[in-house]
Number of protein chains: 6
Amino acid sequence: MTTERGFFIGRFQPVHDGHLQLIEQIAGEVDELVVGIGSAGDSHSVGDPFTAGERVMMVTKSLESLSITTYAVPIEDLNRNAVWVSHVQSMAPRFDVAYSNNPLVVQLFTEAGVEVRSTGLYDRDHLKGSKIRQLMIDGDDWRQYVPAAVEDVIEEIRGVERLRQVAEHDDF
Amino acid sequence: MTTERGFFIGRFQPVHDGHLQLIEQIAGEVDELVVGIGSAGDSHSVGDPFTAGERVMMVTKSLESLSITTYAVPIEDLNRNAVWVSHVQSMAPRFDVAYSNNPLVVQLFTEAGVEVRSTGLYDRDHLKGSKIRQLMIDGDDWRQYVPAAVEDVIEEIRGVERLRQVAEHDDF
Amino acid sequence: MTTERGFFIGRFQPVHDGHLQLIEQIAGEVDELVVGIGSAGDSHSVGDPFTAGERVMMVTKSLESLSITTYAVPIEDLNRNAVWVSHVQSMAPRFDVAYSNNPLVVQLFTEAGVEVRSTGLYDRDHLKGSKIRQLMIDGDDWRQYVPAAVEDVIEEIRGVERLRQVAEHDDF
Amino acid sequence: MTTERGFFIGRFQPVHDGHLQLIEQIAGEVDELVVGIGSAGDSHSVGDPFTAGERVMMVTKSLESLSITTYAVPIEDLNRNAVWVSHVQSMAPRFDVAYSNNPLVVQLFTEAGVEVRSTGLYDRDHLKGSKIRQLMIDGDDWRQYVPAAVEDVIEEIRGVERLRQVAEHDDF
Amino acid sequence: MTTERGFFIGRFQPVHDGHLQLIEQIAGEVDELVVGIGSAGDSHSVGDPFTAGERVMMVTKSLESLSITTYAVPIEDLNRNAVWVSHVQSMAPRFDVAYSNNPLVVQLFTEAGVEVRSTGLYDRDHLKGSKIRQLMIDGDDWRQYVPAAVEDVIEEIRGVERLRQVAEHDDF
Amino acid sequence: MTTERGFFIGRFQPVHDGHLQLIEQIAGEVDELVVGIGSAGDSHSVGDPFTAGERVMMVTKSLESLSITTYAVPIEDLNRNAVWVSHVQSMAPRFDVAYSNNPLVVQLFTEAGVEVRSTGLYDRDHLKGSKIRQLMIDGDDWRQYVPAAVEDVIEEIRGVERLRQVAEHDDF
């Protein structure tokens, strides 16, 4: 009997409870899970404050209690949609099924002959990277929406300070 | 007597009757024609649904009845305007004159010492890539605006289905 | 009935009679043929004297008498074997079968699920790019090994002069 | 006693009197000054009309009367904020302190352990690249806002003509 | 008390018992370990047969029994030594000390102010990627030199077959 | 009367007295001189120990006593010979004549329509980057072959220590 491996991709700026809900659901369907960290080369901006390595930490530590083997793999943007699936496949352990609701991702995997399954739903009104980053900038309570392990990582890297600094306007 | 070779560039998303009109006109002035397929690395997006190879097919098959030798050459974006002409010249058969109305293209070829000629006019109200792609998305009649060979290519690659899928909104 | 399209790749530095023999053989088995021009970004060196565009001309003109539709497509090196097949597929019209005897190319297409067929044999003692380039450098008779159309292209671009110049040693 | 070297970066499209004021001020605080020319690969657009080399000329000639040694170094965009400081450091002579008011630049240098000092203020209502470029396009008096040496460079390269051409709309 | 995190890099073509010995030793000195997988973009060659993702699997599964948290992070070559440390730091969780005996790696980390410690020694006569790959090609017993988990991965991906194929000579 | 500007390129690993002799000779023939620093992205290797920025310092300081305006411009390798001249031209102030004895450089500039002049001769038995680097590694007297300003730069950056370290063999 072979191992069934699933693939799930996100930008994880930062990892939040919505990601965790989806991943836990997927973890119930597969034997192993590869988590792709998209736009891996981006960091230090309002939309993408955290480096790939920082997001590898967030993902790894948030998923440590899962019973299945997980892999956290940075995926740099290539800006070549037509080779994106191959790029992902070369950076990730071989996988059998991709989980996504993103129309482009669905199309690319489908054209490449990879099975795609929809992910579940979660509370997108609060659990959204852009909203959580805004809470960080405004000094509001972002901690309620992320796993405890993510709080620790953001503290260790002084992530809120970085985000606030790069969100400032050029003031001279 | 030497061969005069012309150059014409477009994104060809997709090839339409307006392109064909211009190219037929140019074909009357030169001995051979190089057709550059711009933004060759882009595909699978609303603005650029078709791959370079699919557009090579569209161009080649649409021009098969022309009496002059034509070349269809993909040109990847370099994002370096200052080296763009050299990049084009290295990917294309040597040419004597570039046909373009695009102000940037005119400037770049002129600075490089390449003769530039204006292209003719055509009905831009209907013959425009963005309008034809919208017809595809909306399920309206796009076929009347493209050569029959282009219809066949888009059918073969299931191009309308791809375009509609990537035009969908992320719905979860 | 669908069109069967074949794919054949080479560096074509320059196109010679051996290439022509293989391509004519392949042309008897498929409906259309895509010719990939490898290492498209290389030129002006002893091993790769001719630009992609110059090789597009050589291929196109050498194959003009073939009865099937052919496409000549430059393929730039990516230095990422794992995404090479996707890169080729995005630059080339869709193809059903790849013709190659190169072990790496065979492996890459096979892993990607593309059918691979061996090409035939030809006289590799004389019909080899490196030997023909040496004849050019030495001022010996290279013309007997290439199609007439290739002679014309090399003349037009002053290719032998270029090759001899870049083959010179730094003499100060 | 070691040399203290400062670093100042801008896009310099074109160099104007505001740049000169800041640089003269910095020149009073350090022994040598490295001027980074950002987005070095961009040119021939409305926002970035001049090449890196043209901007090297503007900077070098504008600063010729300064009593300290200055270096003008093109810095190409990497689109990887996390490695940007190393990229700058590898292209520039070693420097001790970076002068910037840009929040992202401040953050990146600070995380890398490089001392950052704020630059002074100047009349941003008139001395701003975008405003000066608009004056050029409109045929108004841009010369009053740039050093005389910059006027000469722009004349030599026919810079205003270029900017006006690339600012035109596609009119067919 | 803060976590001390170590960094160790290799090409892991494939992971073998020598790697494992070093890593177990390092694991005794730090709280967490980041394993960098070098030349991540290389694969399908005699020197680098396995993809980054396949090597992520080998590393992750070989280290599953370690008591400390480990991260397996692909590091693509940049061919820019001067920015290599920043590149590594952006792809990896923040680390305090790098383990390496490689003179270049030692120099680069030292210049960047990162503490470097030597790794231990092991039996390099047998435990060497190039030797193990040769055993695979020759059909000899390579399994004795790699962890059991690595055997499983290589089986799953049909790695020996791939290596033998790309090691063949072009025979036509 | 227009300014005549010359261009001279080298890798300058490091700048030595032979470079200086050639440049002084060229300086007698032109009004301004652009010095291109080739392979700008390479550093920290036995063949290319110094960064672009360090070589900018060497060139600038060695030429400070010249009476003409000089520019030191890093030129990164593109590995695309066919666009190399445009790349150089975009990074350098506009120049009228290129000085080179390198056959490839001569060919590329000639094809691009740039006037090329031969450089003079100098004592290549001693004044050669590879020999001077070997003296550094061996602890012999390299200082006699380089300008005093270059000695200072290499001291400041601890260049000999770096070169010796990267020249070491992996010894475990």
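Residue by residue through region B:108-128, note down the ones that are within 14 Å of chain F (Cβ to nearest Cβ) and either within 13 Å of B:Ile26 (Cβ to Cβ) or part of a helix (DSSP H, G or I) (or both).
Selection gives B:Leu108, B:Phe109, B:Glu111.
Within region F:59-71, can one find any residue that is under 18 Å from the mean Cα position of the chain (by Cα), crowded, with 16+ Cβ neighbours inside 10 Å, basic (Lys, Arg) and within 25 Å of F:Glu32 (Cα to Cα)?
The answer is yes, given that some residue of region F:59-71 is under 18 Å from the mean Cα position of the chain (by Cα), crowded, with 16+ Cβ neighbours inside 10 Å, basic (Lys, Arg) and within 25 Å of F:Glu32 (Cα to Cα).
With the checklist (1) within 14 Å of chain D (Cβ to nearest Cβ); (2) closer than 16 Å to E:Gln13 by Cβ; (3) without any contact (Cβ under 8 Å) to a residue 12 or more places away in the chain in hand, flag the one item E:Glu151 doesn't pass.
Going through the list (1) within 14 Å of chain D (Cβ to nearest Cβ); (2) closer than 16 Å to E:Gln13 by Cβ; (3) without any contact (Cβ under 8 Å) to a residue 12 or more places away in the chain, E:Glu151 breaks only (1).
Scan region B:7-42 for residues that are farther than 30 Å from B:Ile137 by Cα and in contact with a Phe, Trp or Tyr (Cβ under 6 Å, 6 or more places away or on another chain) and jot them down.
B:Phe7, B:Ile26, B:Val34
Within region C:129-143, take every residue that is among the small types (Gly, Ala, Ser) and either surrounded by 14 or more Cβ atoms within 10 Å (Cβ to Cβ) or more than 18 Å from C:Glu54 (Cα to Cα) (or both) and give me the one that is nearest to the other protein chains (Cβ to nearest Cβ). Steps first, please.
Applying the first criterion (among the small types (Gly, Ala, Ser)) to region C:129-143 yields C:129-130, C:139.
The next check asks that each one be either surrounded by 14 or more Cβ atoms within 10 Å (Cβ to Cβ) or more than 18 Å from C:Glu54 (Cα to Cα) (or both); those that pass are C:129, C:139.
Details: C:Gly129: 13, C:Gly139: 17 Å.
Applying the filter and picking the extreme gives C:Gly129.
What is the one condition in (1) part of a strand (DSSP E or B); (2) farther than 30 Å from E:Asn81 by Cβ; (3) of a type outside the set (Gly, Ala, Ser) that F:Ile9 does not satisfy?
With respect to (1) part of a strand (DSSP E or B); (2) farther than 30 Å from E:Asn81 by Cβ; (3) of a type outside the set (Gly, Ala, Ser), F:Ile9 is out only on (2).
Say whether the condition of being more than 25 Å from C:Ala167 (Cα to Cα), surrounded by 21 or more Cβ atoms within 10 Å (Cβ to Cβ) and touching a Phe, Trp or Tyr at 6+ places or on another chain (Cβ under 7 Å) is met by at least one residue in region F:93-108.
Checked against the condition, which is being more than 25 Å from C:Ala167 (Cα to Cα), surrounded by 21 or more Cβ atoms within 10 Å (Cβ to Cβ) and touching a Phe, Trp or Tyr at 6+ places or on another chain (Cβ under 7 Å), region F:93-108 yields at least one hit.
Consider D:Asn79 against the criteria (1) surrounded by fewer than 21 Cβ atoms within 10 Å (Cβ to Cβ); (2) in contact (Cβ under 8 Å) with a residue 12 or more places away in the chain; (3) over 20 Å from F:Val56 (Cα atoms): it satisfies all of them except one. Which criterion is unmet?
Exception for D:Asn79: condition (2).
Please find, among A:Gly6, A:Gly10, the residue that is under 25 Å from A:Arg158 (Cα atoms) and among the small types (Gly, Ala, Ser).
A:Gly10
What's the total number of residues in region E:144-172 that are of a type outside the set (Asp, Glu), surrounded by 15 or more Cβ atoms within 10 Å (Cβ to Cβ) and assigned to a helix (DSSP H, G or I)?
The first filter runs over region E:144-172 and keeps only residues of a type outside the set (Asp, Glu), leaving E:144-150, E:153-154, E:157-160, E:162-167, E:169, E:172.
Now restrict to residues that are surrounded by 15 or more Cβ atoms within 10 Å (Cβ to Cβ): E:145-147, E:149-150, E:153-154, E:157, E:159-160, E:162-167.
Subsequent filtering for residues that are assigned to a helix (DSSP H, G or I) retains E:145, E:149-150, E:153-154, E:159-160, E:162-167.
Count: 13.
If you check E:Ser90 against the conditions, is it at pLDDT 95 or above, within 18 Å of E:Ile37 (Cβ to Cβ), in contact with a helix residue (DSSP H, G or I) (Cβ under 6 Å, 6 or more places away or on another chain) and part of a helix (DSSP H, G or I)?
yes
Determine if region D:54-61 includes at least one residue that is of a type outside the set (Phe, Trp, Tyr) and either assigned to a loop (DSSP other than H, G, I, E, B) or at positive phi (or both).
no
For the structure I just gave you, tell me whether C:Phe50 is in a loop (DSSP other than H, G, I, E, B), among the aromatic types (Phe, Trp, Tyr) and more than 16 Å from the chain's Cα centre (by Cα).
no
For every residue, the table says whether it meets (1) outside any loop (DSSP other than H, G, I, E, B); (2) under 11 Å from the mean Cα position of the chain (by Cα); (3) modelled with pLDDT under 95.
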{"residue": "A:Gln25", "(1), (2), (3)": "yes, no, no"}
{"residue": "A:Val46", "(1), (2), (3)": "no, no, no"}
{"residue": "A:Asn79", "(1), (2), (3)": "no, no, yes"}
{"residue": "A:Val106", "(1), (2), (3)": "yes, no, no"}
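For the subset of region B:65-78 comprising residues that are in contact with a Gly (Cβ under 7 Å, 6 or more places away or on another chain) and among the β-branched types (Val, Ile, Thr), which member is farthest from the other protein chains (Cβ to nearest Cβ)?
Ranking the qualifying residues of region B:65-78, first place goes to B:Ile75.
Taking into account only those residues within region C:21-44 that are touching a helix residue (DSSP H, G or I) at 6+ places or on another chain (Cβ under 6 Å) and over 20 Å from C:Gly6 (Cβ atoms), which is surrounded by the fewest Cβ atoms within 10 Å (Cβ to Cβ)?
C:His44
Being more than 14 Å from chain D (Cβ to nearest Cβ) and farther than 12 Å from A:Val15 by Cα is the filter here; which residues of region A:39-64 pass it?
Matches in region A:39-64: A:Glu64 only.
Any idea which of D:Arg143, D:Arg164, D:Arg158 is touching a residue at least 12 places away in the same chain (Cβ under 8 Å) and among the basic types (Lys, Arg)?
D:Arg164
Restricting attention to region A:93-104, report how many residues are acidic (Asp, Glu) and assigned to a strand (DSSP E or B).
Restricting attention to region A:93-104, the residues satisfying the condition of being acidic (Asp, Glu) are A:96.
Right, trim to assigned to a strand (DSSP E or B) and you get none.
Number of matching residues: 0.
Select from region A:27-44 the residues that are of a type in the set (A, V, I, L, M, F, W, C) and assigned to a loop (DSSP other than H, G, I, E, B) and write down the one among them that is nearest to A:Leu121 (Cα to Cα). It would help to see each step written out before you state the result.
Step one: of region A:27-44, the residues of a type in the set (A, V, I, L, M, F, W, C) are A:27, A:30, A:33-35, A:37, A:40.
Retained after the next criterion (residues that are assigned to a loop (DSSP other than H, G, I, E, B)): A:30, A:40.
Numbers: A:Val30: 18, A:Ala40: 25 Å.
Of everything passing the filter in region A:27-44, A:Val30 is nearest to A:Leu121 (Cα to Cα).
The values are calculated or read from the model by the stated rules, or taken from the named source; none is laboratory data. These numbers were taken from a predicted model, which means no experiment stands behind them. Note that each Cβ is placed from the backbone with ideal geometry, even for glycine, and that neighbours are counted across all protein chains shown.
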